[in-house]
Amino acid sequence: MTAIRKEALELLERIPEDKLSFVIQIMRGVNGLLGDTGTHEKRDINLDEFVMPATSRGQNADSYVRELRDNDRV
């Protein structure tokens, strides 16, 4: 066991039981940052599911904003 691992275990032993859940959450977050997701499985996401269909109102938005801007300058 390396010295740093031994020190980490000693620190963990000094943490009160009610605070251990926070430490575990932090450790899982660090594992996620390092790319070690453990047993989590990546799934493909179809981004087309999140695209909203175009509406006539949305298609005319540019001309409407332009008209408002032009009328404001008068």
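The values are calculated or read from the model by the stated rules, or taken from the named source; none is laboratory data. Quick caveat: nothing in here was measured; it's all calculated off a predicted structure. Every residue, glycine among them, receives a Cβ derived from its backbone with ideal geometry; neighbour counts consider all protein chains shown.
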Among the residues of the stretch 49-58, write down those that are surrounded by fewer than 10 Cβ atoms within 10 Å (Cβ to Cβ) and more than 20 Å from the chain's Cα centre (by Cα). 52, 53, 54, 55, 56, 57
Check on residue 36, loosely packed, with under 10 Cβ neighbours inside 10 Å and modelled with pLDDT under 85: no
